[in-house]
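Chemist: Okay, here's the structure, questions in a sec.
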Amino acid sequence: MPILLQLFLTFFKIGAVSFGGGYAMIPLITEEAIAFGLTKEQVMNFIAVAESTPGPIAINMATFIGSSQAGFLGSLLATLGVVLPSFIIILLIAALIGGLLKFAGVNAFIKGIRPVVVGLIIATGITMILSVILSLETISAGISLNWKALVIFSVLAIIFYLYKRFKKKTISPILLILIAAVLGIVFYGLIA
């Protein structure tokens, strides 16, 4: 199958079967990206960049992976593939929403999906922590502490906690991303 068609169909499938937004899609996107030949480290880098750039993470991931596999056209088709199922479903729901919510089955479906979405988001967070901070790729692999990542994570957690405690509100995620970028440059650029 040509790579462009494969990118479109793969991301169309991801967009069609993933509920709960971008974070819930990350495990499936990771699995598919590795099937395309990307390494786990490359996928983690794509996640980091996709999270820190404007727009939904799933669309950014599709764009980055498509670009890495087939250039501009690959990024365009992968992005279209991941967006199209949601677009079609939202159009249908918008046309039918008033009538659908009165059915107990629809409400039961929505309530049943929520715990799965939360579980996928938690699993993604745990996987990223194990991979980035402990360099743990598989259960049988050895643990290797990445002290630089641990320091950056700790500094961000302390800043978040202190800001919330003293300012009585949550710090801007944009500011945290900028602080993380500066720390990344300091630790990974200067202290090689």
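None of the figures in this text is laboratory data; all of them are computed from the coordinates on show. Bear in mind the structure is a predicted one, so any value in this text is a computation, not a measurement. Every residue, glycine as well, gets a Cβ built from its backbone with ideal geometry; the counts of neighbours run over all protein chains shown.
Chemist: Please arrange T10, T138 by counting, for each residue, the other beta carbons lying within 10 Å of its beta carbon, fewest first. Could the numbers behind the result be given before it?
Modeler: Numbers: T10 24, T138 7.
Placing the least packed residue first, the sequence is T138, T10.
Chemist: Given a cut-off of under 8 Å on Cα pairs at least six residues apart, what relative contact order in percent is computed for segment 40-113?
Modeler: For segment 40-113, the relative contact order is 16 percent.
Chemist: Once each part is reduced to its C-alpha centroid, what is the distance from segment 40-94 to segment 120-192 in angstrom?
Modeler: Using only Cα atoms to place each centre, the spacing works out to 23 Å.
Chemist: State whether segment 3-132 is rounded, prolate or oblate according to the following rule on the C-alpha gyration tensor (a ≥ b ≥ c being the square roots of its eigenvalues): a/c under 1.5 gives rounded; otherwise a/b larger than b/c gives prolate, and the remaining case gives oblate.
Modeler: Note, shape of segment 3-132 comes out oblate.
Chemist: Hey, another quick one. With a 10 Å cut-off between alpha carbons and a GNM built on the chain, which of N146, N45, N107 moves the most?
Modeler: Between N146, N45, N107, it is N107 that shows the largest mean-square fluctuation.
Chemist: May I ask you to derive the relative contact order of the chain, considering only C-alpha pairs under 8 Å and at least 6 residues apart, and to give it as an integer percent?
Modeler: 20
Chemist: Only counting other Cβ atoms within 10 Å, I'd like L156, L120 sorted with the fewest neighbours first. Show your work: numbers first, answer last.
Modeler: Details: L156 16, L120 20.
Least to most surrounded, the residues fall as L156, L120.
Chemist: Quick check for me: using +1 on Lys/Arg Cβ and -1 on Asp/Glu Cβ, what's the dipole size of segment 3-132 about its Cα centre, in debye to the nearest 20? Can you show the working numbers first?
Modeler: Working: 5 positive and 4 negative charges, 86 e Å.
The dipole of segment 3-132 has a size of about 420 debye.
Chemist: Still on this structure, I have one more. Express in nm, to one decimal, how much length is gained between I185 and V118 on full extension, taking 0.36 nm for each residue of separation and deducting their alpha carbon distance.
Modeler: On the way: separation 67, 0.36 × 67 = 24.12 nm, distance 3.22 nm.
That works out to 20.9 nm of additional length.
Chemist: I would also like to ask the following. Using R₀ = 41 Å, calculate the FRET efficiency as 1/(1 + (r/R₀)^6) where r is the Cβ-Cβ separation of A35 and F103; round to 0.05.
Modeler: With a Förster radius of 41 Å, E is 0.65.
Chemist: If you don't mind, there's one more thing I want to ask. Put a dot 7 Å past each Cα toward the Cβ at M1 and L150; how far apart are the dots in nm?
Modeler: Spacing of the two 7 Å Cα→Cβ label points: 4.3 nm.
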